[in-house]
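> Sending over a structure as structure tokens; questions will come in a sec.
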Amino acid sequence: MIFSIIIMGSILMAITSIVMILASVLSKKALTDREKCSPFECGFDPKSSSRLPFSLRFFLITIIFLIFDVEIALILPMILIISISDIFMWTITSIIFIIILIGGLYHEWNQGMLNWSN
């Protein structure tokens with residue numbers, strides 16, 4: 001029983017290795033082909049660079065939005081469990097969580113992440 005499992009595993013490992021090696025060998029592409037690496041604009045040479053500069057400011061604002069969106073998803077269940085939990089522990093937990101949120105908001109404001117005019 002165990003011997004047949006070992007043989008079957010060996011065969012499967014050999015087959016997958018052979019398929020991976022064949023795929024690697026057969027899919028070699030020339031990395032130096034200039035025409036394939038250039039962007040296509042109706043047969044003409046591109047007028048500008050195909051890589052546009054990425055705004056780091058936009059990226060930071062989206063990260064801040066995602067963080068606060070997740071925090072709202074954590075706050076909403078707290079409202080639902082107020083009736084079934086100990087009011088003192090619920091209050092302490094809520095206050096600590098909101099203080100952490102306000103501290104993070106103050107830090108972002110202090111670092112200038114919320115200035116949209118720049």
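Read the figures in this text as sums done on the coordinates, not as results from a lab. Quick caveat, the model's predicted, so the values are computed rather than measured. Note that each Cβ is placed from the backbone with ideal geometry, even for glycine, and that neighbours are counted across all protein chains shown.
Matching residues to (1) assigned to a helix (DSSP H, G or I); (2) exposed (fewer than 10 other Cβ atoms within 10 Å of the Cβ):
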| site | (1), (2) |
| --- | --- |
| L60 | yes, no |
| I82 | no, no |
| F88 | yes, yes |
| F97 | yes, no |
| G112 | no, yes |
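> Next up: Just to be sure I understand the filter: pairs with C-beta atoms under 6 Å, separated by 6 or more residues or on different chains, first member in segment 57-75 and without any contact (Cβ under 8 Å) to a residue 24 or more places away in the chain, second member in a helix (DSSP H, G or I). Which pairs pass?
Once the first residue is without any contact (Cβ under 8 Å) to a residue 24 or more places away in the chain and sits in segment 57-75, no partner that is in a helix (DSSP H, G or I) comes close enough.
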